[in-house]
Structures are given as structure tokens and as C-alpha cells.
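Undergrad: Sending over a structure as C-alpha cells; questions will come in a sec.
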Amino acid sequence: MVIRCFVLDDEPLATALLASHIGRLPDMDLIGVSNNPTQALGQLQQTQVDVLFLDIQMPRLTGFELLRPLGYRPKVIFTTAFREYALDSFEFDAVDFLVKPISFERFLQSVGKIYRFLPAAAPELDPAHAPKPEKAYQYFKVNKEMVKIFLEDILWIEGMKDYVKIHTLSGTLVSYLRISYLEEKLPSDQFLRIHKSFIVSLDHVQAVSASYFRIHDTELPIGRSYKARVEEVLQQK
């Protein structure tokens with residue numbers, strides 16, 4: 001499998017080094033290099049890539065700001081001189097976080113992680129001996145930690161301006177995220193936004209009325225502007 005790569009860094013020496021590393025691997029195809037984030041955004045929107053090597057601190061547009069309007073999510077390996085961005089990179093499901101200067105050996109470790117995320121043909125297995133599928137999860141920034149939460153344990157999510165309360169089977173956590181971001185991030189067949197302040201897990205719904213969802217004996221209101229979407233989803237169930 002050929003992996004289509006793009007390198008974006010405002011430092012020409014940094015892009016040259018990564019281009020050299022990529023050129024040493026026959027399975028990686030470098031289709032673009034840029035030192036200008038605004039121009040690179042246009043290129044990336046026109047041509048989708050598999051892997052994006054992305055600097056964070058750049059003039060006019062940071063690496064984080066570039067990803068939000070991109071329209072699709074390539075596998076991202078952040079490259080930066082600033083270690084303090086490591087936790088924030090988890091918000092974007094980064095494959096890895098490389099601190100400059102990047103040695104070829106450290107680069108190879110990141111490439112190895114890429115293959116875990118790309119589709120591959122799997123050998124046929126006897127159903128009786130097939131491995132159990134891994135439970136889906138997300139990392140959420142809580143205080144100074146990245147906390148792993150299994151999606152099946154989430155009951156509902158409550159938005160509070162720039163924060164969310166994540167209500168789970170084992171308790172409630174507060175994370176610095178917007179509820180609109182999570183609405184896009186979470187699987188739509190499992191989670192449904194029913195109000196400007198609430199996303200519910202459909203697996204944990206006990207009852208539904210014309211005005212609320214009940215989860216673990218808590219009634220969560222259905223917003224007027226969300227009723228049509230709620231009815232549409234419930235009819236499909």
C-alpha cells in the first residue's frame with residue numbers, strides 16, 4: 001500500500017528534513033510540501049492525503065486551526081519544538097507527536113504507528129476463535145490529564161459554553177470542549193443531539209416522550225429545533 005503524505009511547516013529546514021526521511025521509504029509518496037499554512041489548506045482541500053506531517057505554531061494559521069475547516073481528517077503526526085502542545089494534540093486523534101529536531105529513528109516509530117490505523121486485509125478466522133472487537137473509546141482532557149472513556153459507558157453529554165459535562169456509568173467528568181465538536185466527533189448511530197445543551201447515548205435511553213428523553217431516571221429536554229431530527233432518527237430504530 002502506498003501512503004500519500006503531505007508536509008506542512010513554516011521552517012524550510014524542517015520540511016526538507018521530513019521530505020528526506022519520507023524519501024527513504026518506498027511505501028510513502030510525498031505529494032506535497034509547504035511552508036505556508038493558508039496555501040496548504042487550499043491544496044489539502046483539493047487533494048486528500050493519507051498522512052499529514054503538521055507543525056503547530058505557524059504564522060496566520062496554527063496546525064490546530066488548519067484541521068478544523070479541512071473537511072476530512074487525514075492521519076496527523078504533529079511536528080513541533082514545543083512539548084506543551086502534546087496534550088492538546090489528543091483532541092485531533094493524532095497518530096504521534098514529534099519534537100524537533102526529528103531523527104530518522106524517531107520518524108520510523110511514527111510511521112509504524114500509521115500502519116495500525118490504515119485498513120489492511122485480514123486473514124479468515126474460525127468464528128469460534130475470532131478475537132473480540134476492541135471497545136470504542138475517546139480521550140478527553142480533564143484538568144491536566146487525558147482520560148480514556150469507553151463510548152459505551154457514556155450516558156449523556158451536557159454542554160456549558162466552552163466546557164462539557166460527560167455523564168458516565170461511573171461518574172461525571174468535566175472537559176474543555178464545545179458540545180458542537182463532540183456532536184461531529186461521536187458516532188451518529190450511537191449518539192444523538194436532542195437539545196443545544198444535550199447529546200444522549202441511544203443505547204442508554206429508558207424512555208422517550210414528546211418533550212424529553214429519560215436516561216437513568218433523569219429527564220433531558222428535547223429542544224424545539226431538534227425535534228424533527230429526533231423523530232427522524234427514532235423512526236429508523
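Undergrad: So in the chain, what percent of DSSP beta bridges are antiparallel if you round to the nearest 5?
TA: On the way: 30 of 49 bridges.
Counting DSSP beta bridges with both partners in the chain, the antiparallel share is about 60 percent.
Undergrad: Mind listing the long-range amide H neighbours of residue 29? Cut-off is under 5 Å, sequence gap 5 or more, other chains count too, H placed in the peptide plane at 1.01 Å from N.
TA: Amide H to amide H, under 5 Å and 5 or more residues apart or across chains, residue 29 pairs with 3, 4, 5.
Undergrad: Next question, about the same structure. Over 29 Å between Cα atoms, which of 113/141; 141/227; 113/161; 144/227; 148/196 qualify?
TA: As for pairs spanning more than 29 Å Cα to Cα, those are 141/227; 113/161; 144/227.
Undergrad: If you line up the long axis of helix 104-117 against the longest principal axis of the chain, both from Cα atoms, how many degrees apart are they, to the nearest 10?
TA: 40
Undergrad: With no solvent and one equal point scatterer per Cα, compute the Debye intensity ratio I(q)/I(0) for the chain at 0.14 Å⁻¹ and report its log10, rounded to two decimals.
TA: -1.01
Undergrad: While we're looking at this one, here's another question. Mind running the shape call on the range 181-237? Use the C-alpha gyration tensor, a ≥ b ≥ c as the square roots of the eigenvalues: rounded below 1.5 for a/c, prolate if a/b tops b/c, oblate otherwise.
TA: Numbers: a/c = 1.26, a/b = 1.19, b/c = 1.07.
It comes out rounded by the Cα gyration axes.
Undergrad: Take the Cα atoms of the range 137-236, find their three principal axes, and give me the spread along each one in whole Å, biggest first.
TA: 40, 24, 21
Undergrad: Compute the Cα gyration tensor for the range 18-61, then decide on rounded, prolate or oblate, letting a ≥ b ≥ c be the square roots of its eigenvalues: rounded whenever a/c is under 1.5, prolate when a/b is larger than b/c in the other cases, and oblate in all that remain.
TA: Working: a/c = 2.67, a/b = 1.56, b/c = 1.71.
Oblate, because a/c is 1.5 or more while a/b does not exceed b/c.
Undergrad: What are the ³J(HN,Hα) values, in whole Hz, obtained from phi via the Karplus relation 6.51 cos²θ - 1.76 cosθ + 1.60 with θ = phi - 60°, for each residue of the range 59-65 in sequence order, with x given for Gly and Pro?
TA: x, 6, 8, 7, x, 5, 5
Undergrad: Roughly how tilted is helix 227-236, in degrees to the nearest 10 and between 0 and 90, from the longest Cα axis of the chain?
TA: 90
Undergrad: Quick one: helix 37-46 against the long Cα principal axis of the chain, what's the angle to the nearest 10°, folded into 0 to 90?
TA: Its long axis makes an angle of about 70 degrees.
Undergrad: Here's something else I'd like to know. Assign one of three labels to the range 3-117, namely rounded, prolate or oblate, based on the Cα gyration tensor with a ≥ b ≥ c the square roots of its eigenvalues; rounded applies when a/c is under 1.5, prolate when it is not and a/b is larger than b/c, and oblate otherwise. All intermediate terms of the calculation are to be shown ahead of the outcome.
TA: On the way: a/c = 1.25, a/b = 1.13, b/c = 1.10.
Rounded, because the longest to shortest axis ratio a/c is under 1.5.
Undergrad: Find the centroid of the Cα atoms in the range 137-173 and in the range 1-71, then give the distance between the two in whole Å.
TA: Each part's Cα centre sits 31 Å from the other's.
All of the numbers you see were taken from the coordinates with simple rules; none came from a lab. Fair warning: this is a prediction, and the values are worked out from it, not measured in the lab.
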